[in-house]
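Asks: Supplied in structure tokens, the structure appears directly below.
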């Protein structure tokens, strides 16, 4: 259900956090954390850090946020 980390959908997610209307509170709270990381700077390092965190979050919580995963990744 969660795409591999190399899937371009991850980059799309990190770049467009405001465009996704997720339903789970835990996902919304996590998006705030990702926004903070990405607003620290547009560096490749920060984007990779956000991508890694997002991947870890969704793989570890797949059962709880499955509706948001479907919404984000199709």
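Asks: For residue 68, indicate whether it is in a helix (DSSP H, G or I) and exposed (fewer than 12 other Cβ atoms within 10 Å of the Cβ).
Replies: Working: in a helix (DSSP H, G or I): yes; exposed (fewer than 12 other Cβ atoms within 10 Å of the Cβ): no.
The answer is no for residue 68.
Asks: Looking at region 33-61 only, could you name the residues that are exposed (fewer than 15 other Cβ atoms within 10 Å of the Cβ) and modelled with pLDDT of 95 or more?
Replies: Looking only at region 33-61, we keep the residues that are exposed (fewer than 15 other Cβ atoms within 10 Å of the Cβ), and these are 33, 35-36, 39-45, 48, 52, 56, 59-60.
52, 56, 59, 60, listed by residue number.
Asks: How many residues are more than 12 Å from the chain's Cα centre (by Cα), without any contact (Cβ under 8 Å) to a residue 12 or more places away in the chain and outside any helix (DSSP H, G or I) when one looks only at region 12-62?
Replies: 4
Asks: Please verify whether region 26-34 includes one or more residues that are closer than 15 Å to residue 1 by Cα and out of contact with any strand residue (DSSP E or B) (no Cβ under 6 Å at 6 or more places or on another chain).
Replies: no
The values are calculated or read from the model by the stated rules, or taken from the named source; none is laboratory data. A quick note: this is a predicted structure, and the numbers were derived from the prediction, not measured. Positions of Cβ are generated from backbone atoms using ideal geometry, with glycine treated the same way; all protein chains shown enter the neighbour counts.
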